Structures are given as C-alpha cells and as structure tokens.
Amino acid sequence: MLKSRLLSAALCLALPAAAFADGDDDPGKTGLGLAGLLSASNKQDLPPITLSAGMPLAAAPWVLQSGTYYEVEIHGDGSQELALAGADFFRAVWIDEIVVEGLEIRPLGLDSVEFDEAGEMEIGFIALKPGSYHLKVPGSTGTTQLLEITIQ
C-alpha cells in the first residue's frame, strides 16, 4: 500500500516536469532529438586550420555559440615541426573526440597538439564557457600564428 502511494506521488511530480521538457511550448523549435547536444542539427563545421611555416593559421577569427557542437580539421603540411597550443580554450570546451588517421581518441583534457610531419586531424567539441580565447603556435610572436576565438 505504501509503495503504491509513493509510486503515485512520484508520477504526479514527474508528469508536469515531462510536459515542460518536451519543448511543446515553442512550436517553432525542432529540438535536439535523443542525442541532445550531439545531434546532427546542432553540429557546425569550422574552417580548417593550417599549420605551415610562416603561413596564417586561419583566414578569420572564430565566433562560437555556447552549447553548439563544432568540428574542425587541422592540417599540418610538414614544412616544419609545429604545435598548436591553447590550454584556456581547451578548458572552455568539452572535447568529444580527436580523429587521426581513422583512430578516434576521447581525451579528458588537452593542452596542445603537435605535428612532427605532414598529417591531418579532426577535433569535435562542444563550446561551453563564454569568453575570449586563442590558439597559437607556441613561441611565435606574429599575429598570423594566432587564432582569436570568442565563445558567446
């Protein structure tokens, strides 16, 4: 008897919360689906980053939206051993995966990546913490070796 009353009370409390969670209050929004933030409708591709001796990292700064899933390809042309560092940026995002030659890496954190030779990697992440960040080639002083990033 007590179990059935507790079950009834739990259902009464859960039903109103379920009504708010389904998104029916905004008919113009399609929702994210069962995968949530990882849904295809929430994914955006960023312009690639190129690591090459003396060449700009990217054509323009990035402006990201918190809660959006992004994928970026990073290309190293092998002209020089180059790294891309940005500990503050990597702590402001949740990294889903890094793909290198078909191998998927799911790190808990990241400070930098480095290319010793020509290659390509793809990083998938969700922007989380609003603010201003950057990715840069360590030890460089030129503005072309710095990618400014804003998370809104």
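The values are calculated or read from the model by the stated rules, or taken from the named source; none is laboratory data. Keep in mind that what you see is a predicted model, and the values were worked out from it rather than measured. So basically every Cβ, Gly included, is an ideal-geometry build from the backbone, and we count neighbours across all protein chains shown. With ligands, DNA and RNA removed, areas are computed over all heavy atoms of the protein, side chains included. Shrake-Rupley method; radii C 1.70, N 1.55, O 1.52, S 1.80 Å.
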With every protein chain kept in place and a 1.4 Å probe, the stretch 43-152 has an accessible area per residue in Å² of 54 Å²
In whole Å, largest first, what are the principal axis extents of the Cα atoms in the stretch 59-150?
35, 33, 21
Within a Cβ distance under 13 Å of Leu57, other residues only, what is the Lys/Arg minus Asp/Glu net charge?
-2
Nearest-0.05 FRET efficiency for Ser79 and Gln152, computed from C-beta distance (R0 25 Å)
0.15
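Cβ under 10 Å from Glu81's Cβ, Glu81 left aside: what net charge do those residues give with Lys, Arg +1 and Asp, Glu -1?
-3
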